[in-house]
Structure formats: structure tokens, C-alpha cells
Amino acid sequence: MDAVERANADRQKKWVKDQKVGEGTYAVVYRGRELATGRKIAIKKIKVGQFKDGLDMSAVREVKYLRELHHPNVIELLDVFSSKTNLNLVLEFLDTDLEMIIKDRSLVFLPADIKSWMAMMFRGLEFCHRNFILHRDLKPNNLLIASDGQLKIADFGLARDAADPGYKMTCQVITRWYRPPELLFGCRYYSTAVDIWSVGCIFAELMLRTPYLPGESDMDQLKTIFRALGTPTEEEWPGHTKLPDYVSIGQFPRTPLRDLFTAATADTLNLLSKCIVYEPRKRISAKDALNHPYFFALPYPTHPSKLPKTIAQTTAAASRPLDEVDGNVDLNSGAGPGATAAGTAPPKKLKRKLSGHDTSRNIARKLDFTAA
Amino acid sequence: MATDFWASSHNKRWIVDRATLKQARAEDLQYVHSPDHIDLLNIYFANLIGMLGKKLSLRQRVIATATVFFRRFYVKNLYCETDPFIVIAACCYVAAKAEESPVHIKNVVSESRLMFSQEGYGVKNFPSDNSKLAEMEFYLVSDLECDLVVFHPYRTLLTLCGRESACALDTEAGEVGVGIDSGPRYWGTGEGRLELEEGPLQTAWFIINDTYRSEICLLYPPHMIAIAAIYLTLVLNDKTREAIQAQGAPVPPPRRSSRTTSGSAHRKSAPAQQQDFVGFMAGLRVSLPTVAMIAQEILSLYTLWGRYSDTPPESGLGGNGAGEHSGGDDVVTPAFLTQLLLRMREARLADLAHPASGQPVAVNKRLERTQAAG
Ligand SMILES: Nc1ncnc2c1ncn2[C@@H]1O[C@H](COP(=O)(O)OP(=O)(O)OP(=O)(O)O)[C@@H](O)[C@H]1O
Ligand SMILES: [Mg+2]
């Protein structure tokens, strides 16, 4: 084992992988713990496939940003290591997400709870935007909740650097219900304001307990938006009729937000309305949002530890059903108490030995002198 | 990820000291006649990355990132135990993705094969199989520890010269500014501004491009490299150049970059500007000895680069005779360097098979990760 492999093995040894807890498009997620402390963690194993087409672009984006971003309201990437042919991301374990909380009908949200979630959301987003990163997929499902109640922005698979003015980006981002109208009209030059629109939709959803603008298709999404907020005028949103995919959807009158959000305070509706302004440049920034009177008015935000919790969260200590135990990775064996003594050789299975029968690995970092 | 260099993985994990670099190349050095050959390989590989990058239509910034990935990989790996040509392809492939301008893996493979197989390079057997490149990508990203955000000196250059906007110069001048994030400065007072004409700005830009041919990008923070490039641009007016030449000290050779600038305009730096420059440098509040040291290193890079020749192989120089060179001041060609690398590999293999020490060498242990070498 050379120095590089040893360093990797040392990192790997710090983490124990337990059962599988979920699966996304490019990764399988396992529950695990830190060997030294027992702290719960998640291990996200990126599927590399059989080395067909290389790393998924989402995986590249996710590791790229998570390696750099450290903030209480952004999911923390604790470590990375490779095992056989997989990249493994060690993440802080998060019990639930905002979508599950919103959907849990047994929970009652107080205005102070919503304010607390909104503050954490804006703090995390302000940090991203300060670093010129657009998230581009904000939705309740991607806002994870830690056991102490902290909200964490997760899933940076669509994130990217805010490009220079004049540099085209794809408009096929953000889950439809949370997608701002400029993207629906095919705008290729956009900014941090796209994320603010999503946050506005989430804000409304927290109050309504149901998605605010649930369009059934991209076209219907625009109609849904206009039905709720009125068809934008040229004055409200100069130049929008010139956007690449602009179509006239029909005239809908503007209905006051107050009609739908009957219980909300004036400050609440003022901040909400500033997040869902049509003209992207007039949309409030995350930084300004944090200074909005809403956050300084009564009631004050609930302390994160006092926020409503799902059953899953309260019983998080109890073990989860064992969906599937990963059989092919060498982590579990390294976890035994016997392996903890400092200076002992790593367990056999940790060695990434490339024997003849491992046919999937026919090239490597290093040249094969054994075959010569 | 444009603002906070100090909190970045680049600063925390990838600025290394000279001892680390020396250690990283120690074993390679045993297989060359002259230490210069390692530095010439560094130039050669950077040139290949640049050329492959252009074939793939990658922006300058992406090429720079690919080169930094390559350098970082070889902080942990040996030239004589790896296949740098696949690593080069993988660096371009990953950098394109990391910088949001992905190219298809097939294109990378076919362009690499096409380019490396040219007579001038003499690299045979570049794998035609996508999966080989994908596999190398995995090892690369693993060894990079997933740190894919790289800071470059270009932005500091533009910020210091008051050209935060992307369109400061025409695109002909090597995409100056394109793809470079604007944003607040992550160091200094933010007050220093230098009025640099287009010409000198271009020169500084090109000097920065050139620094990637050495390991400077591993040793110093990008803003220091930018300042050193400005420093060199301004002190190397014609007069100082003459003086330096008279002493026989190294001077930058005529531009070798493919992007040759026209005429003498870019060497123009009036004495008045130099006066301002002293105050400007002082106002930056950076270590001026370090700036001077980087400038020195850039100058020695240019000296060495003078020995590197892209001349086509029919000139005969170094075509096949890799063995005969004793490592003097001879001119070297890409073909020579490819041969050199192959010989390093062979020697390495022989050593591992028949250790001089007589101790059994754990070939299998050292070379757990096999490779079909194409
Ligand atoms: N840090 C974490 N802590 C606990 N569970 C997690 C964590 N990260 C992910 N999970 C679980 O793993 C599942 C898969 O997550 P992943 O981020 O790979 O995909 P996704 O976001 O659900 O889907 P997609 O990849 O399509 O966006 C999640 O639904 C969640 O249940
Ligand atoms: Mg997701």
C-alpha cells in the first residue's frame, strides 16, 4: 500500500457503514457512524457504474460544492474516501426533510416556527449566494432537518457558479413548481434571483401546507403563476415578452395575497411578495431578506430545537428497518473493536488488492508491471 | 466559489511546500540524467493539456484548471509509475465538467488518440475504450480528494487592473476575462488599482498562462502569482531587458504561446508608470520578497523553456536518441520527452523486478492497482 492508499484507508477506517437508507439518481445512501465517537453519519456512495461514461455531472457538482461550503445551514460533508470503484461522501446524518414535515398532518405550525425555518433557509442561501453559487433546485425535499432542528440546504447536484454576465446557462433547472417565470420563458441569463423565487414558493407552502403553485406542465406552470399573481405587465416586468420561449398565456387579474393568506401578518406578506416579484432584478436578495422587518417583528423565531418534529425524528434513536445490507464494501469489517488500536495493520479487507480475478479493473492509477 | 480563497480547499489542502514537491519527484529523479528533464516534462505535459484543451474547445480557465489537477495528481503519484497521457485526458475531462462546460467522453478519447499518436509525440496505444478514461477519472478524482474548485490568478489580475468586466479585451487576445468570476477581493485592502494598458495587461495575462508550465501553481496563492506577473510585466521594459541580457541572466524568450501578440506594444511601460508601481506594490500589503521569488521562478521557467522545441520530428533532434543525452543544455523535443518517459518506466519496472538492495520488493503490494498501459 503506498502513501496515497494509506491516507485513503486511514480516512475510510474512521467511518462505519450500516444499512441502506435511500437511493437517488446517482448515489446510494447508507446510515453509518463515526467509529471514534459513535456520531451518526450518512455515507453517500456515488455509483460509478462499470466505468462507462464517467462521473455523473450532478455528482461532480455535488462534491465540488460540498467540499468548499461550510455553514450551519448547508449540509456538511465530513470526509470523502474511495473504496474499490466507488467514491464515498461522508455527510452529517439528517433525520428528515421539510417536505415530510409539511406533509405530516399531525403537526401544527406556528408563525414563529415558519419564521425560524425561513431564517435558516435564508442564512444558508445567503452564504451560497455570497460565494456566487446558485443552488437551482430548492424545494422542501432538498431542505433537510437535523436532529437539533437545524435546517440544512442539501442536494447541490444542479448547483453552479453564477456565471459572468453574458454567459449562457441552461433554463432546464429547478423543479417545476418552484421554477421562476423567467426560466419558464427560456431565459438563459439569470442570477441568484431564481433561488429566491423558489424560497418564496416554499414560504407560501409552509403557510398553506400544500404546494403554492402546482403546475401540471411547464405551460400550465406559467398559467398557475399568472392565475395566482396576475399576468405580468410590461411595466412590472420590462422586456419579458422578448424572452426566447415567451408565449402569451392570457390575461389574469392580480388577486391580493391577503385573500389566500388570510392569517398572515403584513410583514409576512410583504417579504413573501418581494420573493415572488416578476422582474428578477427587483426580487429581494437573501441578504436583504435577512434584514427584512419580518424577522425582527413578533413573534420571534422558534428555537430550532423546539420546532415541530415528525414521528420519524422523535423515534430516530430507534433503529430503522434493515432495507438492504451492502455486501460488497469492506467497511463493516473494519469497524470491529479489534481494528481500533492505533498502529495495527488495517484489516485485510481494507487492502485494495488487485488480484487476477478482479477483472473489472484493467487500468489503474498505476501501471501494471506485474503483467509486463 | 469565487470569493473566499482563504477558506477554500485550494488554500487549505493544495498549497504545498517545496519539500513536499521534492519528495513527490524524488523517485522519478532517479530515472533521469538531469533534473532539468523533470522540469521539461512539466512543460511538455502542460503544453499537451493546452493543446488537447484547445482541440476540445475548452476555455483558458478550464485548461488552467485541468493543468492544476494534473499537478495535484502528481504530488501523489510518480511519472514513472503512471501513464501521464491518460492522466492528461482525464484532467481535461474532469476540468470541463468541474467548470460547467462538459465534453463527451467519446470526444476526449478520440481527440486524445488523434493528438498523441501524431509523430511528433510518439505516444502509441492510447486506449480507444471510453471505460479506460472513465476509470482514470475515478482515480484522479479520488486522488484529488474531490477538491474540484481551483482559484486562478486571472481574476486578481483583472481586479487589480480595474477590469472586472469580462469584455476588457477582445477575444482574439486569448479570451482575456472570459469565464473569470468577478467579485469582491478575498485579500488586501481592496484599494490598490493599477492603470494598465491593454498591451501590458495582455502580457501579464500571458505570463500567467505560462506559469502553469511549472509547479508555481502548487506553491503560491493565485493572487501572489498575479502580482508577480504584473511585476514582471512592468519591470521588463526594453531597457531593463537589455540590462539583464547584458549580464547573461535569463529573460523571457519571445512569446511561444500560440497566442502571439502583435508587435512591441505590450512591452511599453513608461517610467512614470513604474513610479506609480512602487507605491502600488507597497499598497498591496503582500510579501514583496515572495513576489520577487515567484518572478525569479517564472524567469527560470522561461530559460528552461528556451530549451524546449516544438519543431517537427523530421528535424531529427532528439527523435530517437533518448539514451545518448547526458542532460546538458541540449534542446529537447516532445518526441524526446515521450521516449524519456518510456525509458523511465522501463527502468522503474526493471528496478522493481530486480532490486539492487537484494531485498524482495513487494511488487504486488506497491502495484496493487494494475494497468494495461493502453
Ligand atoms: N445526509 C443524509 N442523512 C440522512 N439521509 C439522507 C441523507 N442524504 C440523503 N439521505 C437519504 O437518501 C435518499 C437519497 O438521497 P439522494 O440525495 O442521493 O437523492 P435524492 O435527492 O433523494 O434524489 P435525486 O438524486 O434524484 O435528487 C434521500 O431521499 C434521503 O432519504
Ligand atoms: Mg434530491
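Exceeding 18 Å between C-alpha atoms, which entries from my cross-link table qualify? They are A:Lys40/B:Lys12; A:Lys13/A:Lys40; A:Lys13/A:Lys47. Don't skip to the end; give the middle numbers.
Working: A:Lys40/B:Lys12 26 Å; A:Lys13/A:Lys40 15 Å; A:Lys13/A:Lys47 20 Å.
Table pairs above 18 Å Cα-Cα are A:Lys40/B:Lys12; A:Lys13/A:Lys47.
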Inset, instruction - Quick one: net charge around A:Thr310, please, counting Lys, Arg +1 and Asp, Glu -1 for every other residue with C-beta under 10 Å from its C-beta. - result: -1
Inset, instruction - Could you run the numbers on buried accessible area between B and A, total for both chains, 1.4 angstrom probe, in Å² to the nearest 100? - result: 5400 Å²
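Per residue of A:78-84, what is the mean number of Cβ atoms on other protein chains within 10 angstrom of that residue's Cβ? Each step should come with its number before you reach the end.
Details: counts 0, 2, 6, 3, 7, 1, 1.
Taking all residues of A:78-84 together, the mean is 3.
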Legend entry - Approximate spin-label separation A:Leu290-A:Asp53, in nm, with each point projected 7 Å along Cα-to-Cβ: 3.9 nm
Inset, instruction - Could you check the simple spin-label distance between B:Thr303 and B:Leu29, using points 7 Å along Cα→Cβ, in nm with one decimal? - result: 1.8 nm
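Once the Cβ-Cβ distance between A:Thr37 and B:Asp36 is put in as r, and R0 is 56 Å, what FRET efficiency do you end up with, to the nearest 0.05?
Values: r = 50 Å, r/R0 = 0.90.
Calculated value: 0.65.
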Inset, instruction - Determine the shape class of the range A:188-292: with a ≥ b ≥ c the square roots of the Cα gyration tensor eigenvalues, call it rounded for a/c under 1.5, and otherwise prolate if a/b is greater than b/c, oblate otherwise. - result: oblate
Legend entry - Label-point separation in nm, B:Ala282 to A:Glu234, each point 7 Å along Cα→Cβ: 5.8 nm
Legend entry - Shape call, the range A:150-243: gyration tensor on alpha carbons, a/c limit 1.5: oblate
Inset, instruction - For the range A:98-133, list whatever residues lose no less than 40 Å² of accessible surface once every protein chain is in place, relative to that chain by itself, with the probe at 1.4 Å. - result: A:Asn131, A:Phe132
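Give the percent of DSSP beta bridges with both residues in the range A:66-199 that are antiparallel, rounded to the nearest 5. Present the calculation step by step, with values, prior to reporting the outcome.
Working: 13 of 14 bridges.
Rounded to the nearest five, the antiparallel share is 95 percent.
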Inset, instruction - Beta carbons within 10 angstrom, averaged per residue: use that to sort the peptides B:119-125, B:343-349, highest first. - result: B:343-349, B:119-125
Inset, instruction - Report the FRET efficiency, 1/(1 + (r/R0)^6), for A:Thr210 and B:Lys54, where r is their Cβ-Cβ distance and R0 is 56 Å, rounded to 0.05. - result: 0.60
Legend entry - Alpha-carbon radius of gyration plus Dmax, which is the widest Cα pair, for the range B:15-143 in Å: 14.3, 41
Legend entry - C-alpha center-to-center spacing [the range B:72-103, the range B:291-309] in angstrom: 24 Å
Inset, instruction - Report, as an integer, the average count of C-beta atoms from other chains found within 10 Å of each Cβ along A:58-64. - result: 5
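Give, in nm to one decimal, the length gained when the segment between A:Glu23 and A:Ala312 is fully stretched (0.36 nm per residue of separation minus the Cα-Cα distance). Don't skip to the answer; put the middle values down first.
Values: separation 289, 0.36 × 289 = 104.04 nm, distance 1.80 nm.
So the extension gain works out to 102.2 nm.
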Inset, instruction - With a 10 Å radius around each residue's Cβ, average the other Cβ atoms per peptide and rank A:176-188, A:126-138, highest first. - result: A:126-138, A:176-188
Legend entry - Rounded, prolate or oblate (a/c below 1.5 giving rounded, otherwise prolate when a/b exceeds b/c) for the range B:9-87 by Cα gyration tensor: oblate
Inset, instruction - Name the residues of the range B:79-95, by number, that are at least 20 Å² less accessible with every protein chain in place than in the isolated chain; the surface is that of heavy atoms, probe 1.4 Å, without ligands or nucleic acids. - result: B:Glu81, B:Thr82
Inset, instruction - Over the range A:96-312, with every protein chain in place, what whole percent of the accessible area is carbon and sulfur at 1.4 Å, could you tell me? - result: 57 percent
Inset, instruction - Figure the gain on full extension for A:Asp259 and A:Arg105 (residue separation times 0.36 nm, minus the Cα-Cα span) and round it to one decimal in nm. - result: 53.1 nm
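Across peptide B:345-353, how many C-beta atoms of other chains are within 10 Å of each residue C-beta, on average?
Values: counts 3, 1, 0, 2, 5, 1, 1, 3, 3.
Counting Cβ atoms of other protein chains within 10 Å of each residue's Cβ and averaging gives 2.
Per residue, how much accessible area does the range B:15-143 show when a 1.4 Å probe rolls over the protein heavy atoms, in square angstrom? List each step's numbers first, then the result.
On the way: 3910 Å² over 129 residues.
Value returned for the range B:15-143: 30 Å² of accessible area per residue.
So which chymotrypsin sites (Phe, Trp or Tyr not before Pro) in the range A:1-86 end up in coil per DSSP with only 14 or fewer other C-beta atoms within 10 Å? Before the final figure, lay out the partial values.
On the way: sites: A:Trp15, A:Tyr26, A:Tyr30, A:Phe51, A:Tyr65, A:Phe81; in loops: A:Tyr26, A:Phe51.
Those that pass, being in a loop and sparsely packed, number zero.
Report the FRET efficiency, 1/(1 + (r/R0)^6), for A:Thr175 and A:Tyr300, where r is their Cβ-Cβ distance and R0 is 41 Å, rounded to 0.05.
Numbers: r = 31 Å, r/R0 = 0.76.
So, using R0 = 41 Å, E works out to roughly 0.85.
May I ask you to order B:13-23, A:285-295 by the average number of other C-beta atoms within 10 Å around their residues, highest value first? Walk me through the numbers before you get to the answer.
Working: B:13-23: 13.1, A:285-295: 17.4.
Most protected by this proxy first, the peptides run A:285-295, B:13-23.
The values are calculated or read from the model by the stated rules, or taken from the named source; none is laboratory data. Treat the numbers as computed from the prediction; the structure is a model and nothing was measured. Because the Cβ atoms are built from the backbone with ideal geometry, glycine has one as well, and the counts that use them run over all protein chains shown. We work out accessible area using only protein heavy atoms, side chains counted, and drop any ligands, DNA or RNA first. Shrake-Rupley method; radii C 1.70, N 1.55, O 1.52, S 1.80 Å.
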